[in-house]
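Below is one structure; the comments refer to it alone.
The values are calculated or read from the model by the stated rules, or taken from the named source; none is laboratory data. As the structure is a computational prediction, the values presented were derived from the model and not from experiment. So basically every Cβ, Gly included, is an ideal-geometry build from the backbone, and we count neighbours across all protein chains shown.
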Amino acid sequence: MNNPVGVFDSGVGGLSVLAALRAELPHERFVYFADTAFAPYGERGNAYVIERSRKVADQLIAEHGIKALVVACNTATTAAIHLLRAEHPALPIVGLEPALKPAVATSRTGHISVMATRGTLASAKYAALRDSFAGSANVRAVPCDGLVKAIEGFDTAAITELCARYMAEAGPFGDAPGQVDTVVLGCTHYPLVKDELQRHAPPALRFIDTGAPVAQQTRRVLSSLGRLAESGEGGLVLQGSGAPAVLEAAAAHWLQEPQDTSAPAATAA
Ligand code: DGL
C-alpha cells in the first residue's frame with residue numbers, strides 16, 4: 001500500500017521519532033506535520049491538546065489519505081490517542097509514552113528520573129504507567145517547563161540554561177546506591193538536545209527514548225495489516241501550521257540530512 005504514513009507533533013520534537021521511522025521503514029512515504037503555531041502543548045491542558053490533535057489528524061487524513069498515524073508526541077498521546085482511535089477505527093494509530101518499563105528493567109541503582117512535559121507527568125496515563133512498572137524503583141518526575149519552547153525557537157542560550165537546571169533536578173547521577181543511573185526522555189523534543197543534557201552528567205548515565213521502539217511497533221502494525229511498503233524509494237513531505245522555511249531548516253538541522261521533498265505549509269484550522 002503506497003499511501004503515506006502521517007506523523008505529527010506539536011513542533012519539531014517528533015523529528016526525533018521520524019528519524020527512527022525512516023531508518024526502520026526506508027520504503028515508506030511519510031508526511032510530517034509540525035503544529036508549530038500552536039506549540040507547546042505540554043503546559044496548556046488536555047482540552048487544548050485534544051482539539052489540536054483532532055484537527056491535525058483530520059487534516060492528514062483528508063489531504064493525504066494516510067494509511068497509519070504516528071502520534072510522535074508524548075503529551076498528545078496521553079491526552080488524545082484514545083479519542084483519535086475511537087473516532088478513526090479503521091486507521092492504525094501508534095502512540096508513545098515515557099519508556100519507564102525498560103528503564104526500570106535495566107537500572108542498576110533503581111533510581112530513575114523521567115524528564116517530560118508538565119502535561120504528560122500530571123496525566124492519569126502516566127500515573128498508571130508508574131503504578132504498573134515502577135515496582136520498587138525510585139522514580140523522580142522532572143517537568144521541564146520552557147524547554148520545548150527554547151528548542152522550537154533555536155534559542156541556544158535558553159536551551160543551555162534549562163538543560164543545566166533540569167539535569168541538576170534529575171540528579172545526582174552515578175552508579176552508587178541512591179544515585180540516578182537512568183534518565184527517561186519522556187518528550188520527543190528532548191532527544192534533540194541530548195548532547196547538551198549529557199554535558200551535565202557522567203558519561204555512563206543512560207538516556208532512554210522511544211524513537212526506535214515506536215518505529216519497530218509501526219513496522220509490526222503495518223505488516224500485520226498488509227500495509228507495509230516493501231520496495232520503492234520512500235519519501236518525506238513536511239507540513240505544518242508555522243512558517244515552512246523554519247520547519248525545513250529545523251528538519252535539515254535535526255534530521256541532519258537534506259530533505260527530498262517539501263510541501264507548502266497549511267494551517268490545520
Ligand atoms: N514533543 C512533545 C512531547 O513529546 C511535546 C511538546 C510540547 O510541549 O508541545 O511531549
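Quick one: count up the residues across region 127-157 that are among the β-branched types (Val, Ile, Thr) and surrounded by fewer than 17 Cβ atoms within 10 Å (Cβ to Cβ). Give the steps one after another, and end with the answer.
Going residue by residue through region 127-157, those that are among the β-branched types (Val, Ile, Thr) are 139, 142, 148, 151, 156.
Now narrow it down to the ones that are surrounded by fewer than 17 Cβ atoms within 10 Å (Cβ to Cβ): 156.
Of the residues in that region, 1 qualify.
Being of a type in the set (Val, Ile, Thr) and surrounded by fewer than 16 Cβ atoms within 10 Å (Cβ to Cβ) narrows it down to one of Thr210, Thr160, so name that one.
Being of a type in the set (Val, Ile, Thr) and surrounded by fewer than 16 Cβ atoms within 10 Å (Cβ to Cβ) holds for just one of Thr210, Thr160, which is Thr160.
Only residues that are outside any loop (DSSP other than H, G, I, E, B) and not aromatic (Phe, Trp, Tyr) were counted in region 28-50, giving 9. Pull up region 156-188, narrow it to residues that are closer than 18 Å to Ser16 by Cβ and assigned to a loop (DSSP other than H, G, I, E, B), then point me to the one that is farthest from the ligand (Cβ to nearest atom). By that ranking, first place goes to Gly186.
Would you mind telling me which numbered condition in (1) of a type outside the set (A, V, I, L, M, F, W, C); (2) in contact with a strand residue (DSSP E or B) (Cβ under 8 Å, 6 or more places away or on another chain); (3) surrounded by fewer than 21 Cβ atoms within 10 Å (Cβ to Cβ); (4) assigned to a helix (DSSP H, G or I) Gly242 fails? The one condition Gly242 does not meet is (4). Taking the criterion of being in contact (Cβ under 8 Å) with a residue 40 or more places away in the chain, in a helix (DSSP H, G or I) and touching a helix residue (DSSP H, G or I) at 6+ places or on another chain (Cβ under 7 Å), the residues of region 54-84 that qualify are Ala57, Asn74, Thr75, Ala76, Thr78, Ala79. In region 102-124, the residues that are farther than 20 Å from Leu162 by Cβ form Cβ pairs under 6 Å with partners that are assigned to a helix (DSSP H, G or I) and of a type outside the set (Ser, Thr, Tyr), at six or more places apart or across chains, as follows: Val104/Phe133; Ile112/Ala103.
Yes or no: Glu51 charged (D, E, K, R), at pLDDT 95 or above and surrounded by fewer than 24 Cβ atoms within 10 Å (Cβ to Cβ)? Spell out how you get there, then give the answer.
Numbers: charged (D, E, K, R): yes; at pLDDT 95 or above: yes; surrounded by fewer than 24 Cβ atoms within 10 Å (Cβ to Cβ): yes.
So Glu51 fits the description; yes.
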